[in-house]
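The values are calculated or read from the model by the stated rules, or taken from the named source; none is laboratory data. What you see is a predicted model, and the numbers here were worked out from it, not measured in a lab. Cβ: placed from backbone, ideal geometry, glycine included. Neighbour counts: every protein chain shown. We work out accessible area using only protein heavy atoms, side chains counted, and drop any ligands, DNA or RNA first. Shrake-Rupley method; radii C 1.70, N 1.55, O 1.52, S 1.80 Å.
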Amino acid sequence: MDTSILLVEDNEKLRRLMKLTLEKEGYRIAEASDGKTARVLFEEETFDIVLSDILLPDTTGIKLMEEWKESSPGVCYILCTAYGDVEDAVNAMKLGAFDYLTKPIKADELKVVIERAVEWVRLNKENQYLKKVFADQRQLHGMAGASTAMKRVFDMVHKVASQPITVLLQGESGTGKSRCAQAIHLESDRKNRPYVEVNCAAIPDQLLESELFGFTKGAFTGATRAQKGKFEAADGGTLFLDEIAEISPGLQAKLLQVTQDKTFYPLGSNEQKKVDVRLIAATNRDLWEMVQEGTFREDLYYRLNIIGINIPSLRERAEDLPLLIDQLTEEVSREHNSNYELEAGLMKKLSAYSWPGNIRELYNAIARAAVLSEGTTLRFTDFPKEVREATEGGDGRGEAEPSEEQAGTELGDDYSLTNELQNYEQSAIEEALRQSLGNQAQAAELLGISRQSLLYKVRKYGLQGQSV
C-alpha cells in the first residue's frame, strides 16, 4: 500500500530523524513545522496518516485533528507528546486519535505504531468499499430492499432509465411510487434536467388542465397574466403524474395528444407548443379494470403503459422491513438532528406488523415515536396503538414471528453474497470491535451501520464477547 504521511513537528532534528526512519520503510512523507504549513499541505494533498506533535508553535495537534476529522474521516491521526503530558494524548484518543507516542521517540516503536495505522487505513478503505457494495445492492436513490420483489423493481429501473419511453407505476398507496419515479429520472441521462411532480388527485379538475398545459393572459376569469404549465417546466427532463386515474375523460383526451406527439395548446392559445418530456405516471388503482368499466380511455392506457412497473406492498416484501426500519430511522434522525436507535426487541416487533399503509405508515410511525421519545431511544410504547395491539398478541399476520435469521436482514443479510464479501465483512467487524475495545455502539459508528445491525452480525459470525 502506497501510504502518505503528513509529519507535523516543530523540533527540526526530531522531525528529520522521524522522516528518515519512515522513508526507509517506503512511506511518502510531507513535513511541516507548524500548524499553518500543515494546513496548507493538508488542503493541497491527500494523506492517509497525520503524525503530529501535540504542542506546536501556533496551534495543537488536537486542534488540527478536530479541524480535519469531519471532512476527512478516513485519515488516521497519531499524536506525539512529552512524557509528562500523557494525559493530553489519552484525551486526544477519546476525541478520535488512533494512537500516541511519547518522547523521546524510539525508531522501533515509531515503525510499529505506523504499521498498525497503515493496517487501520487499509481496513477502513475495505469497510467503505463493502458499505458501497451493500448499499448498491440494497438501495437505489432512496428506495431500499433486498427482497426478490424489490430486486426486480431495481432491475426494471436500470433497464428503462436510459430510454425516453413512458412508464406506468402501479401499487398501493404509500409503497414508494414517487421515489421510484425519482430513481428513474436520476438514473437517466436527464438527471441534470428538470424533474417535475404533479399529484393529479390534489388539484381540482377544472384547474388541473391549466396547471399541466399553462394558459395565456385572459384565457379565463382571473388569468391576469400568462403562465407556463408543468409540461413546459419539465421540458428536457421528466414529468411525474401521480394518481393519474383521477383525471377527467376530457383531460384524458388532451393528455393522449401530448403522449403521442409531445405537442399541446395552452389554454386560450392557438399556438402549438412542442416539448421533450419523459412522462412517468402512477396510480394505486387498477387502470385496466377502469378501461373495462369505461372510465379510463383504452388508447391512453396503452400510451401510458408502454413499460409497467409494479411496486410491491410491504406485505409482499416483509423480509425488507428491518432494512426499511433502519433506513427510515436514519432519515428521521437527520431531520431531528439526532441519532435515534431502537430499544431491545423493537426491531422484531415492528417487523411482525403488516403495515397496511406501507412505507408511508412506517415512516409516520417512526417519526411519531421520535417526537414522543424521552431521549434518543425509540420505545415500543411510543408507536401507534394499532401497531402495539397487532404485535403484542402475535405478529400482526397470524403467523409465527420471524426467526432471528429473518430479522437479520436489517443490514440486508443477503445470503447470495459471495464468500469473499462475507469474509471482508467479518474482518471489518472484528477490526471495529478491536478498535472500540468491544464497545458495540462505537463499533457500529465506525462501520456506519446501526447497532441493531451490528448485534445481528456479531451473532452471525460468532463474535460475542470479542473485544480485541
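Tabulated results
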{"read-out": "Residues of region 31-53 classified as touching a residue at least 40 places away in the same chain (Cβ under 8 Å) and open to solvent by less than 80 Å² (accessible area, probe 1.4 Å), total", "value": "7"}
{"read-out": "Criterion violated by ASP88 - all others in (1) touching a Ser or Thr at 6+ places or on another chain (Cβ under 8 Å); (2) assigned to a helix (DSSP H, G or I); (3) open to solvent by less than 60 Å² (accessible area, probe 1.4 Å) satisfied", "value": "(3)"}
{"read-out": "Sole residue being at pLDDT 95 or above and not in a helix (DSSP H, G or I), chosen from LEU6, LEU41, LEU79", "value": "LEU6"}
{"read-out": "Those residues of region 368-384 which are open to solvent by less than 20 Å² (accessible area, probe 1.4 Å) and out of contact with any Lys or Arg (no Cβ under 8 Å at 6 or more places or on another chain), in sequence order", "value": "ALA370, LEU378"}
{"read-out": "Where PRO312 falls short, out of the listed (1) open to solvent by less than 20 Å² (accessible area, probe 1.4 Å); (2) farther than 19 Å from VAL153 by Cα; (3) in a loop (DSSP other than H, G, I, E, B)", "value": "(2)"}
{"read-out": "Residues of region 11-30 satisfying the condition of being buried (at least 17 other Cβ atoms within 10 Å of the Cβ) and over 24 Å from ASN124 (Cα atoms)", "value": "ARG15, MET18, LYS19, THR21"}
{"read-out": "Residue that is modelled with the lowest pLDDT, among those in region 366-390 that are within 19 Å of ASN339 (Cβ to Cβ) and among the small types (Gly, Ala, Ser)", "value": "GLY375"}
{"read-out": "Any hit, region 247-268, residues being under 17 Å from PHE296 (Cα atoms) and touching a Cys at 6+ places or on another chain (Cβ under 7 Å)", "value": "yes"}
{"read-out": "ARG317 being assigned to a helix (DSSP H, G or I), of a type outside the set (A, V, I, L, M) and open to solvent by 60 Å² or more (accessible area, probe 1.4 Å)", "value": "no"}
{"read-out": "Residues being small (Gly, Ala, Ser) and open to solvent by less than 40 Å² (accessible area, probe 1.4 Å) - total across region 220-236", "value": "4"}
{"read-out": "Scope region 188-198; condition open to solvent by less than 70 Å² (accessible area, probe 1.4 Å) and either part of a loop (DSSP other than H, G, I, E, B) or modelled with pLDDT under 95 (or both); matching residues", "value": "SER188, ARG190, PRO194"}
{"read-out": "The one condition in (1) open to solvent by less than 40 Å² (accessible area, probe 1.4 Å); (2) of a type outside the set (Gly, Ala, Ser); (3) more than 30 Å from PHE154 (Cβ to Cβ); (4) in contact with a Ser or Thr (Cβ under 6 Å, 6 or more places away or on another chain) that LEU279 fails to fulfil", "value": "(3)"}
{"read-out": "Only one of LEU328, LEU300, LEU346 that is of a type outside the set (Phe, Trp, Tyr), surrounded by 18 or more Cβ atoms within 10 Å (Cβ to Cβ) and closer than 17 Å to THR391 by Cβ", "value": "LEU346"}
{"read-out": "Residue list for region 6-16, filter: over 40 Å from the mean Cα position of the chain (by Cα) and either under 14 Å from CYS80 (Cα atoms) or β-branched (Val, Ile, Thr) (or both)", "value": "ASP10, ASN11, LEU14, ARG15"}
{"read-out": "Answer residue from region 54-74, given it is of a type in the set (A, V, I, L, M, F, W, C), within 32 Å of the chain's Cα centre (by Cα) and open to solvent by 10 Å² or more (accessible area, probe 1.4 Å) and is nearest to LEU101 (Cα to Cα) among those", "value": "ILE62"}
